[in-house]
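Written out below as structure tokens is the structure these notes cover.
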DNA sequence: GGCTAATCGAGACGGTACGTCACGTCTTACT
DNA sequence: AGTAAGACGTGACGTACCGTCTCGATTAGCC
């Protein structure tokens, strides 16, 4: 019997893929999202332009592939046993992610691009790192007895203030994670028995 | 006596200015922010390219000048006498502004551009429509006896959830302005005597 | 054994090259040298602007490439066996070339451009059609027994009067090739034994 | 009684006229003819642009007005009593004029512009400095007994070689004025009794 | 070991926007 | 009416990147 893999011709080069993802990571920090071009990515990666276009259609797509894993890791906070402490830790991680992390810079760039590009909007909806990470914390709280009502709305209530604060360019130092966590708990407190 | 007006040379054409601002308004809705070019604006306005560059350095700058007035008007809510009603009305206006209004589309485009353009970030900091309008509501509440603590943090707490919800492409229909207003009041309740 | 062709990337399009050269030929006659622009050439040729700049740096360079072959052909006169007849034929061809031929119009434009553009001056020095063609006639004369001394000075003596006459806008009809040829022979007669 | 000159309104400013002519002189040497612009001339002269356009239509026209006087002076050679010496002196002056003099640079620029601008061609025909100066020398020779036949053709025979030599960018040092003068006399010798 | 086929790099292709410059005209206030 | 100043609409400049295309070279599975 013949083992047919259906794969004919030269296989995709993993080396080229990695080179492109690393090039995007580097370029985002060096020149920023707007100045990052498909041409520049290909040249930086030492890769043909066609090769980039063959596997990704937008620079947003490459950026997403290059940063989601990092983002998820950075936004995962270990359980402390206390809802307030969990929330505070999460909000602190969120602030750090959005303002300091390369993956956070990528995330903000993608959110920005999504405002005038439906394709990007669809793309980031499929890997909603802020929503997923916040829901993870809230779900754990629920499991431990602290209920928050509708998960999506609670997620927005938790993430929104920080998100807005950072996106509108305010100084992140004035954000007080512990206070925000407490206010959040007060806001959703009535939703539970 | 010498009457020196200080006005030398041909004065700026108000007609050209208006034409550019209207062209930007139109183009934003027709082709979107990304596809809107300085060249396109000039041609649409029937104006020389240099004339555009003479008075504005970015398309963001034009867009801001073309939309702030509208934005401010749309986000001003009349006092109802009740804090809860005021907040609810404001949040409803905010949702409508961000999701339906042309000025809101412009605002989202500007926030997006600000993520990778320091010049735009500086620009929108000088005419912070969401911050100003929300602070107006909160200040009025304070005058009527409902205190909210630090105005900027309260503003972020109020605006943030809606802002995040809309910017990350979620369905605005699921947002419930009245519930959000109540949760907000509960969150900040302790800050006051 | 490795067969390295040294050819990397897509090869230059001969079609584009021809289109540009023809466009320049056409435009020179239609709008003249001064009104001929790089943009116009590209559009007329149905070619990208970058493609023109990739292979030529000035319109003069294109014009030269487009006209030298024609110029050389038009200024080559068949031997008649008589020095006087050869010179007369050459001078007649020269007048026709400078006043009637498209290649002559190109040549005059290039000489003009060379007056305020060192790059063009260097360029036309490398393909000096008037000098080369006149020296060809004079060399042939020398081979047939009529010596003219220094070839370059004799060339200037032969070509100069016609060149000056035409370039300063005088009526070419008053130029009498046969008389000029005779005067030339008289002028250089002593230089030989 | 009122002295009516027919002149109404502010008279033309001689100061502005001089400033423009000097600016053109300076700019020609500093940046060359091609890079010399009407805008640049006006700014250098400290004069309004409209003022320049009011009195001259081309930069060639200004250049002509600014340099003809100098050109005529530089090409006028004093009589020596000998035809050969007169011709030699004239040819030497001509070489110096065309290769070293600012007025000569202006003249070459104008001849160049005339090749693709009929207006300039007409203009320089009205003040033909090379023709006039050479005819002056030849006329004086005729008066002293050395006939040269048709004045215009003799002028071209005399001026042409030098003109061609310089315009085609050859090294002027190899031109030998005395030899050229002798060859010229030999060429035209038969035209006279 | 040759064949087929998809990928790789390189780089030219036709487009189009960039931001700047000069054009020649105009509209001010001043002389 | 002439002047300096300077904004106006127009359009070319040379550059950059777009996404596509055509090369030769490479690398796999299949016969």
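Taking 0.36 nm per residue of separation and subtracting the Cα-Cα distance, what length does fully extending residue C:73 through residue C:147 add?
Numbers: separation 74, 0.36 × 74 = 26.64 nm, distance 2.49 nm.
Length gained between residue C:73 and residue C:147: 24.1 nm.
Normalising by the residue count of chain D, find the relative contact order in percent from Cα pairs under 8 Å and 6+ residues apart.
On the way: 177 pairs, mean separation 37.0, N = 193.
Once divided by the residue count of chain D, the mean separation gives 19 percent.
Could you work out [θ]222 nm for the protein assembly as shown from helices alone, using -39500 (n - 2.57) per DSSP H run of at least four and dividing by all its residues? Round to the nearest 500 deg cm²/dmol. The partial results should precede the final answer.
On the way: 40 runs with 528 residues, N = 772.
Dividing the helical sum by the residues of the protein assembly as shown leaves -22000 deg cm²/dmol.
Order of C:153-164, A:126-137, D:149-160, D:8-19 by packing, highest average Cβ count within 10 Å first? Write down the numbers at each step before the final one.
Values: C:153-164: 25.6, A:126-137: 19.0, D:149-160: 22.4, D:8-19: 11.0.
Ranked by mean Cβ neighbours within 10 Å, highest first: C:153-164, D:149-160, A:126-137, D:8-19.
Using only Cα atoms and rounding to the nearest 10 degrees, what angle (0 to 90) does helix B:102-114 make with the longest principal axis of chain B?
Helix B:102-114 sits at roughly 80 degrees to that axis.
Hey, fewest Cβ within 10 Å first, where do B:65, C:73 land in order?
On the way: B:65 17, C:73 10.
Starting with the residue having the fewest Cβ neighbours, the order is C:73, B:65.
Run the label-point distances for residue C:173 please: 7 Å along Cα to Cβ, every other copy, nanometres, shortest first.
The projected label point of residue C:173 is separated from its counterparts by 4.6, 8.8, 9.0 nm.
So, in Å, what gap is there between the alpha-carbon centers of the stretch B:89-108 and the stretch D:61-126?
The distance from the Cα centre of the stretch B:89-108 to that of the stretch D:61-126 comes to 74 Å.
Averaged across the residues of A:166-173, what count of C-beta atoms belonging to other chains lies within 10 Å of each residue's C-beta? Don't skip to the answer; put the middle values down first.
Working: counts 3, 9, 12, 10, 7, 1, 0, 0.
Average neighbour count from other chains, rounded to a whole number: 5.
I'd like the orientation of helix A:59-74 relative to chain A: the angle between its Cα long axis and the longest Cα principal axis, in ° from 0 to 90, rounded to 10.
Here the helix axis deviates by roughly 40 degrees.
List the residue from chain A whose beta-carbon is nearest to the axis that rotates chain A onto chain D, together with that distance in whole Å.
Residue nearest the A-to-D axis, with distance in whole Å: A:35, 16.
Mean shadow of the protein assembly as shown, computed from the convex hull of its alpha carbons, in nm²?
On the way: hull surface 243.3 nm².
Dividing the Cα hull surface by four gives the mean projection, 60.8 nm².
In Å and from the alpha-carbon atoms only, list the Rg and Dmax of the stretch A:82-193.
According to the Cα coordinates of the stretch A:82-193, Rg and Dmax are 14.4, 43 Å.
Other chains' Cβ within 10 Å of A:149-159 residues: what's the mean?
Numbers: counts 2, 3, 0, 5, 9, 2, 4, 12, 10, 3, 5.
Mean shielding by partner chains, rounded to a whole number: 5.
Which whole number gives the average count of other chain Cβ atoms within 10 Å of the Cβ atoms across peptide C:114-123? Write down the numbers at each step before the final one.
Working: counts 5, 15, 12, 5, 2, 0, 1, 3, 1, 0.
Per residue, the average neighbour count from other chains is 4.
Between residue C:50 and residue A:54, how high is the FRET efficiency from 1/(1 + (r/R0)^6) when r is the Cβ-Cβ distance and R₀ = 25 Å? Nearest 0.05.
On the way: r = 24 Å, r/R0 = 0.94.
That gives a FRET efficiency of 0.60.
Rounded, prolate or oblate, given the Cα gyration tensor of chain D, with a/c below 1.5 counting as rounded? All intermediate terms of the calculation are to be shown ahead of the outcome.
Values: a/c = 2.74, a/b = 1.83, b/c = 1.49.
Taking the square roots of the gyration eigenvalues as a ≥ b ≥ c, chain D is prolate.
As I understand it, the value is the acute angle between the Cα axis of helix A:14-31 and the longest principal axis of the Cα atoms of chain A; what does it come to in degrees, rounded to 10?
Its long axis makes an angle of about 60 degrees.
Roughly speaking, what is the centre-to-centre gap between the stretch D:149-181 and the stretch A:130-176 when only Cα atoms are used, to the nearest Å?
90 Å
Taking a label point 7 Å from Cα toward Cβ, how far is residue B:57 from its twins in the other copies, in nm, shortest first?
From this label point to the equivalent ones elsewhere in the assembly: 3.3, 3.6, 4.3 nm.
How would A:107, C:53 line up from fewest to most surrounding beta-carbon atoms within 10 angstrom?
The fewest-first ordering by Cβ neighbours comes to C:53, A:107.
Taken together, the values in this text are just the output of simple stated rules run on the coordinates, not laboratory data. From a predicted model like this one, the values you see are computed outputs, not experimental measurements. When we count neighbours, we look across all protein chains shown, and the Cβ atoms used for this are built from the backbone with ideal geometry, even at glycine.
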